[in-house]
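The structure under discussion appears below in the form of structure tokens.
The values are calculated or read from the model by the stated rules, or taken from the named source; none is laboratory data. These numbers come from a predicted model, not from an experiment. For neighbour counting, all protein chains shown are included, and Cβ atoms are generated from backbone atoms with ideal geometry for every residue, glycine included. Calculation scope for accessible area: heavy atoms of the full protein, side chains included, ligands and nucleic acids excluded. Shrake-Rupley method; radii C 1.70, N 1.55, O 1.52, S 1.80 Å.
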Amino acid sequence: MPASAEEVHRDALVIDLHLDTPQRLLDRHFDLGEPLRDFGQVNLETLRRGNVGAVFFVLWHAPELPESGAHARALALAEAVRAQVARHSDALVLAGSADEIVAARRAGKIAVLLGLEGGEALRGDVGELSRMHALGVRYVGLTWNAHTAFADAGKPDTPRHGGLSALGRAAIAEMNRLGIAVDLSHLSDASAAQAIAVSKAPVLATHSCARALADHRRNLPDDLVRAVAANGGVVGVNFHSAFLDAAYAARVAAAEKAHAPELEALTRSLENADLVTRMWSPFLFEMRLGYELPRPPLSVLVDHVEHLVKMAGVDHVAIGTDFDGGIVPPAGIDSPADLPELTAALLDRGHSPDDVRKILGGNFLRVLRDVERVSRELGGSAR
């Protein structure tokens with residue numbers, strides 16, 4: 001008898017490669033044991049209901065912060081995550097390796113790992129990668145939406161380096177040695193292609209969709225998708241409707257234009273406020289706009305998964321939802337609790353239970369083991 005969607009999802013080791021929840025923990029003083037609020041999407045209840053076995057909580061900073069501020073914020077976000085793990089030790093455990101993710105699953109706990117988004121927090125010093133590794137960081141994106149000393153970001157501004165800088169290449173070599181994966185998701189196409197060529201270990205695009213289906217600069221073109229596969233890495237599908245569906249993105253742009261005077265007035269009113277207030281008030285305003293619009297159906301997300309499978313092969317696709325990162329997911333997917341809906345939809349499209357389990361987490365676990373293997377071969381500290 002074929003396995004049901006419920007059985008397949010229950011048996012899968014579900015790993016989400018990208019959650020922006022740490023900002024809520026630090027700035028909003030949110031506790032993962034509390035009910036969701038302020039358009040939040042992640043708490044212990046939703047993770048449990050979604051059978052999530054491991055998560056990457058991301059250390060992100062606003063690009064206007066100076067490098068010293070970005071570094072301090074990364075440390076503060078990491079401490080906020082550690083405090084939650086300590087407070088909810090019955091449900092969460094810090095992990096730093098594939099074996100520890102598996103051990104957490106066997107113990108009935110959710111493994112928590114860290115990712116760093118934005119090279120500014122490294123303060124231009126490759127040596128900072130060792131400190132980040134010690135904190136639990138297991139992947140690093142050398143840019144967010146601004147060019148850094150390490151690489152050009154995927155944005156329309158004039159390139160600063162033409163891809164990676166010499167410092168960026170040195171950072172990737174050190175990441176390979178330490179056992180930190182390279183995240184391509186916010187890099188320019190040139191930076192991403194060069195990072196794949198330079199890295200001795202498999203790379204990640206932790207939260208990216210297919211540009212062939214939605215022409216957004218945050219999505220990967222097919223040639224880069226195939227290059228990630230050839231490198232042995234994975235692409236984690238992003239759940240943001242604006243990256244999945246060009247029509248929804250156009251509706252968002254029109255709504256933001258229509259409400260621009262209100263947002264400008266709000267921003268002016270916050271000129272003397274602290275940084276956290278200046279960040280969060282416009283964020284919540286824009287989230288309201290996004291949720292007021294008709295969302296694309298779940299089938300659009302499945303289309304992106306299937307396109308990536310077609311381009312890269314089923315062994316090179318994962319999930320990186322971007323929950324709590326200002327995203328509006330497709331209809332029917334409001335939080336990690338709804339991940340079984342994706343499992344059911346993939347099975348309905350004819351994907352085998354084994355392949356669905358790979359996409360949900362198995363592929364990433366393999367990549368992490370390969371990153372650790374390369375680290376050991378280079379005499380690094382991967383455990």
Fill in the blank from the handout: Cβ pairs under 6 Å, 6+ apart or interchain, first in the range 281-303 and touching a residue at least 24 places away in the same chain (Cβ under 8 Å) and among the basic types (K, R), second buried (at least 19 other Cβ atoms within 10 Å of the Cβ) and part of a helix (DSSP H, G or I), ordered by first then second residue, are R295/S241
Problem - Filter pass, A72 being at pLDDT 95 or above and open to solvent by 10 Å² or more (accessible area, probe 1.4 Å) - result: yes
Handout entry: Condition broken by N272, with the remaining ones in (1) open to solvent by 50 Å² or more (accessible area, probe 1.4 Å); (2) part of a loop (DSSP other than H, G, I, E, B); (3) in contact with a Gly (Cβ under 9 Å, 6 or more places away or on another chain) satisfied
Key = (3)
Exercise for the section: Would you be able to say whether some residue in the range 48-58 is open to solvent by 40 Å² or more (accessible area, probe 1.4 Å) and closer than 28 Å to L164 by Cα? Expected result: no
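So which residues in the range 102-116 are open to solvent by less than 20 Å² (accessible area, probe 1.4 Å) and over 23 Å from W60 (Cα atoms)?
Selection gives A104 alone.
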Handout entry: Residue check for I359: under 30 Å from L293 (Cβ atoms), surrounded by 23 or more Cβ atoms within 10 Å (Cβ to Cβ) and in contact with an Asp or Glu (Cβ under 7 Å, 6 or more places away or on another chain)
Key = no
Exercise for the section: Could you run through the range 38-69 and say how many residues are in a helix (DSSP H, G or I), modelled with pLDDT of 95 or more and not acidic (D, E)? Expected result: 5
Practice task
Please tell me if G119 is open to solvent by less than 10 Å² (accessible area, probe 1.4 Å) and either without any contact (Cβ under 8 Å) to a residue 12 or more places away in the chain or not basic (K, R) (or both).
Solution key: yes
Problem - So A210, is it modelled with pLDDT of 95 or more, within 30 Å of R48 (Cα to Cα) and either under 19 Å from the mean Cα position of the chain (by Cα) or surrounded by fewer than 23 Cβ atoms within 10 Å (Cβ to Cβ) (or both) - result: yes
Practice task
Check the range 52-65 and report whether any residue there is acidic (D, E) and closer than 22 Å to G320 by Cα.
Solution key: no
Exercise for the section: Determine if the range 22-43 includes at least one residue that is closer than 24 Å to V328 by Cβ, open to solvent by 10 Å² or more (accessible area, probe 1.4 Å) and in contact with a strand residue (DSSP E or B) (Cβ under 7 Å, 6 or more places away or on another chain). Expected result: yes
Handout entry: Matching residues, the range 216-237, being within 22 Å of I333 (Cβ to Cβ) and open to solvent by 40 Å² or more (accessible area, probe 1.4 Å)
Key = H216
Exercise for the section: Please work out which residue is most open to solvent (accessible area, probe 1.4 Å), limiting yourself to the range 276-306 and to residues that are of a type in the set (G, A, S) and under 19 Å from V252 (Cβ atoms). Expected result: S281
Practice task
Considering only the range 195-207, state which residues are touching a residue at least 40 places away in the same chain (Cβ under 8 Å) and surrounded by fewer than 23 Cβ atoms within 10 Å (Cβ to Cβ).
Solution key: K200
Handout entry: Selection status of A212, part of a loop (DSSP other than H, G, I, E, B) and not hydroxyl-bearing (S, T, Y)
Key = yes
Exercise for the section: Only residues that are of a type in the set (S, T, Y), touching a residue at least 12 places away in the same chain (Cβ under 8 Å) and either farther than 19 Å from N238 by Cα or touching a Ser or Thr at 6+ places or on another chain (Cβ under 9 Å) (or both): list them for the range 335-383, please. Expected result: S335, S375, S381
Fill in the blank from the handout: Taking the range 2-19 and keeping only residues that are in a loop (DSSP other than H, G, I, E, B) and either open to solvent by less than 30 Å² (accessible area, probe 1.4 Å) or within 15 Å of G350 (Cα to Cα) (or both), one is left with P2, A3, S4, A12
Exercise for the section: Go through the residues of the range 233-255 one by one and say whether even a single one is assigned to a loop (DSSP other than H, G, I, E, B) and more than 19 Å from G40 (Cβ to Cβ). Expected result: yes
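Residues checked against (1) under 28 Å from S130 (Cβ atoms); (2) among the hydroxyl-bearing types (S, T, Y):
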| residue | (1), (2) |
| --- | --- |
| E174 | yes, no |
| L184 | yes, no |
| S199 | yes, yes |
| S208 | yes, yes |
| R218 | no, no |
Exercise for the section: Sort out which residues of the range 145-175 are of a type outside the set (G, A, S) and surrounded by 24 or more Cβ atoms within 10 Å (Cβ to Cβ), and write them in order of number. Expected result: T148, F150, D152, L164, I172, M175
